[in-house]
Amino acid sequence: MSGVVIAFSGHRVDDEGRTTARFPHSAEASVASVLGAALDDLFSGGVMRGFAALASGGDILFHEACLERDIPTTILLPLPVEEFLIESVTPSGDDWMDR
């Protein structure tokens, strides 16, 4: 049985007031689509597992894309949970916390 392991690290969505856009909220659907297509291209019928943090933006979109494809994931946080949420999720808004 063959398998694929994906370690993902992405950008957070831009905080309000960011002067130089890197990942504007308006790009969310496009990024989600590209992530899904990339996962579809990587899957070859074997076992697949994803690993990523859970920051607002690319990380959450990655986990959601995996979930839609029944690909199991493991959440790896670089900080204790509460500290991570304060630093990497809550600044982006309640909708990211709800996910």
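The values are calculated or read from the model by the stated rules, or taken from the named source; none is laboratory data. Note that the structure is a prediction, hence the values are computed from the model and not measured. For neighbour counting, all protein chains shown are included, and Cβ atoms are generated from backbone atoms with ideal geometry for every residue, glycine included.
Looking only at the range 50-74, how many residues end up being assigned to a strand (DSSP E or B) and surrounded by fewer than 14 Cβ atoms within 10 Å (Cβ to Cβ)?
1
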Which one is farthest from Leu67 (Cα to Cα), of the residues in the range 18-33 that are in a loop (DSSP other than H, G, I, E, B) and out of contact with any strand residue (DSSP E or B) (no Cβ under 6 Å at 6 or more places or on another chain)?
Thr19
Of everything in the range 32-49, what is loosely packed, with under 12 Cβ neighbours inside 10 Å and either touching a Lys or Arg at 6+ places or on another chain (Cβ under 6 Å) or among the charged types (D, E, K, R) (or both)? Give them in sequence order.
Asp40, Asp41
Residues of the range 75-99 that turn out to be surrounded by 16 or more Cβ atoms within 10 Å (Cβ to Cβ) and assigned to a loop (DSSP other than H, G, I, E, B), as a count
1
Considering residues that are at pLDDT 95 or above and of a type in the set (Ser, Thr, Tyr), the number found within the range 27-47 is 2
Could you tell me which of the residues Glu87, Glu83, Glu68 is charged (D, E, K, R) and touching a helix residue (DSSP H, G or I) at 6+ places or on another chain (Cβ under 8 Å)?
Glu68
